[in-house]
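Q: Structure below; questions to follow.
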Amino acid sequence: MTASNVKVMIPTPLRQYVGNRDTVELRGETVEEVLNSLAESSIQLKKHLYDDGGKIRNFVNVYLNEDDIRYLERGRTPVREGDVIAIIPSIAGGAAGLEEAFSYEDIQRYSRHLLLPEVGLEGQLKLRNSRVLVIGAGGLGSPLLLYLAAAGVGTIGIVDFDTVDFSNLQRQIIHTQKDVGRKKIDSAEEKIKGINPHINVVKHEAQITSENALDIIRNYDVVIDGTDNFPTRYLVNDACVILGKPNVYGSIYRFEGQVSVFDAGKGPCYRCLYENPPPPGLVPSCAEGGVVGVLPGTVGTLQAMETIKLILGQGEPLIGRLLLFDAMRMRFKELKLRKNPECPVCGTNPTVKELIDYEQFCGITHNAEAEGDVITVEELNRKFDAGESLVLVDVREPQEWEICRIKGAKLIPMNDVPARVSELNTADDIILYCKSGQRSAYVMNFLKDIGFRKVRNLKGGINAWAEKVDSSMPRY
Ligand SMILES: [Zn+2]
């Protein structure tokens, strides 16, 4: 046998004897030799580790990598280059008694964390005592929840009111085919418990609103925004600013993602970046525009990493920085974000001091029906049966047209409408449709602005047609 270099992890209470270092590099052939050379460096340390007979005290546990040496060859266990020895003394009571908080199973479960000086027992305890709220158990929430559970975040709150749909399985990896039709929070809780049964899962089965947001968020240390719509983004931002909570932001669209940490006490908030939302319909959601399934995996995992760093108080958080990820070019880019002194929520003279109506703020109105510019799928079907003359325009993208289309429709994708408007006649009865009715509403308003009068929007889009009129048509 030859002597090897090994790392010895020193627990917090014993660090005072080794110049406040958390690890010490030593050489030896066996665990005993290494510990002997450690003990030689300090008489007090020697007293802590050995009894008068020169044996390792029975309240001191020694681990070689992840194994208790009592289950190996005790002090005679040979060490190899690069091994890690951890000393885990049980010290009764007091703040130093970290070790007591962890069972034998915990030590094994978190061994790869415990070996990191940036985590250790102290950091692992911080994770266990932390309370993290994940808003949305969808694409971003899936990897987030799985990694937070595996990492040992003690309390995980989930806000979601949705059920699992077949179209979720392509990216929402916390849910499986057998969960289709189940509530997402129930499905997510089962997977979290499957990884780590010690996690306290708090289920908030609700849509987050101006009425309940402060009461829900108040109980957590870190909030993670895994939502997919503008009203909720602004709501979560404002609630976090008001309560002084860090907001770990992630967003995804097609092949691109964004990640940042908004913490108004230390840097900018979401409103410093985007003071006002885009007009409704201009920026399509993932449900309208699509998203590659791995993208939320990447972005959600980055959010989980930032969350764990915030809890540990380690590293450089993404505060004041916006990380842009382009999956197609496989490039990350970073932009500096500045706090806007004029920001209506976190600026020097804030005008938003309580939560507002975010649907209204984002320009989403629910009075389209009252204006008489909506037609239901049943009405459209009756018009077909009656042989009425009408012009049906599909404003979706060609790849959606390939999936399904309503017979007799003409395809003019939303962005082509301005250039192809001459193909439409103001004298005709025009009915517009898209997947769900959002994009077509946008096109309808555009056509009305330029003088079309007889134009209507198909309520619920082609998905409503598939659901209520033509059951042979797939919904997507
Ligand atoms: Zn701000």
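The values are calculated or read from the model by the stated rules, or taken from the named source; none is laboratory data. A quick note: this is a predicted structure, and the numbers were derived from the prediction, not measured. All Cβ positions, even for glycine, are placed from backbone atoms using ideal geometry, and neighbour counts span all protein chains on display.
Q: Please state which one of Pro246, Pro268 is in contact (Cβ under 8 Å) with a residue 24 or more places away in the chain, buried (at least 18 other Cβ atoms within 10 Å of the Cβ) and within 12 Å of the ligand (Cβ to nearest atom). I'd like the intermediate steps shown before the answer.
A: On the way: Pro246 fails: within 12 Å of the ligand (Cβ to nearest atom).
It is Pro268.
Q: Could you check region 1-64 for strands (runs of 3 or more DSSP E) lying wholly inside it with 1 or more residues that are of a type in the set (Asp, Glu)?
A: On the way: elements: 4-9, 23-28, 60-64.
Qualifying strands (runs of 3 or more DSSP E): 23-28.
Q: Here's something else I'd like to know. For region 215-241, how many residues meet the condition of being surrounded by fewer than 21 Cβ atoms within 10 Å (Cβ to Cβ), among the charged types (D, E, K, R) and in contact (Cβ under 8 Å) with a residue 40 or more places away in the chain?
A: Qualifying residue count for the region: 2.
Q: Can I ask one more? State which residue is nearest to the ligand (Cβ to nearest atom) when the search covers only region 204-243 and only residues that are of a type in the set (Val, Ile, Thr) and within 15 Å of the chain's Cα centre (by Cα). Write out each step before concluding.
A: Our first condition is that a residue be of a type in the set (Val, Ile, Thr); within region 204-243, this holds for 208-209, 216-217, 222-224, 227, 232, 236, 241-242.
With the extra rule that they be within 15 Å of the chain's Cα centre (by Cα), the set shrinks to 222-224, 227, 232, 236.
On the way: Val222: 18, Val223: 15, Ile224: 18, Thr227: 18, Thr232: 17, Val236: 13 Å.
Across region 204-243, the extreme among qualifying residues is Val236.
Q: Residues of region 431-462 being in contact with a Leu (Cβ under 8 Å, 6 or more places away or on another chain) and among the basic types (Lys, Arg), which ones?
A: Residue satisfying the conditions is Arg456 alone.
Q: Does any residue of region 101-110 turn out to be at pLDDT below 90, touching a Phe, Trp or Tyr at 6+ places or on another chain (Cβ under 8 Å) and of a type in the set (Phe, Trp, Tyr)?
A: The answer is yes, given that some residue of region 101-110 is at pLDDT below 90, touching a Phe, Trp or Tyr at 6+ places or on another chain (Cβ under 8 Å) and of a type in the set (Phe, Trp, Tyr).
Q: Also: Consider Val261 carefully, then state whether it is part of a strand (DSSP E or B) and within 14 Å of the ligand (Cβ to nearest atom).
A: Details: part of a strand (DSSP E or B): yes; within 14 Å of the ligand (Cβ to nearest atom): yes.
Yes, satisfied.
Q: Here's another thing I want to ask about it. Collect the residues in region 285-318 that are modelled with pLDDT under 95, outside any helix (DSSP H, G or I), in contact with a strand residue (DSSP E or B) (Cβ under 8 Å, 6 or more places away or on another chain) and not β-branched (Val, Ile, Thr), keeping them in residue-number order.
A: Gly290
Q: When you go through (1) under 17 Å from Leu310 (Cβ atoms); (2) touching a Leu at 6+ places or on another chain (Cβ under 6 Å); (3) modelled with pLDDT under 95; (4) of a type in the set (A, V, I, L, M) one by one for Leu116, which number turns out not to apply?
A: Failing condition for Leu116: (2).
Q: If we scan region 411-419, do we find a residue that is closer than 13 Å to Asn457 by Cα and β-branched (Val, Ile, Thr)?
A: Checked against the condition, which is being closer than 13 Å to Asn457 by Cα and β-branched (Val, Ile, Thr), region 411-419 yields no hits at all.
Q: Pull up region 319-343, narrow it to residues that are in a loop (DSSP other than H, G, I, E, B), in contact (Cβ under 8 Å) with a residue 60 or more places away in the chain and within 16 Å of the ligand (Cβ to nearest atom), then point me to the one that is surrounded by the most Cβ atoms within 10 Å (Cβ to Cβ).
A: First, the residues of region 319-343 that are in a loop (DSSP other than H, G, I, E, B): 320, 327-330, 337-343.
Still in the running and in contact (Cβ under 8 Å) with a residue 60 or more places away in the chain: 327-328, 337-340, 343.
Keeping just the survivors that are within 16 Å of the ligand (Cβ to nearest atom) gives 337-340, 343.
Working: Leu337: 20, Arg338: 10, Lys339: 17, Asn340: 17, Cys343: 22.
Going through the qualifying residues, I end up with Cys343.
Q: Then there is this: So, Glu122, is that one touching a strand residue (DSSP E or B) at 6+ places or on another chain (Cβ under 8 Å), part of a helix (DSSP H, G or I) and surrounded by fewer than 23 Cβ atoms within 10 Å (Cβ to Cβ) or not?
A: On the way: touching a strand residue (DSSP E or B) at 6+ places or on another chain (Cβ under 8 Å): no; part of a helix (DSSP H, G or I): yes; surrounded by fewer than 23 Cβ atoms within 10 Å (Cβ to Cβ): yes.
Here the answer is no, as Glu122 does not meet what is asked.
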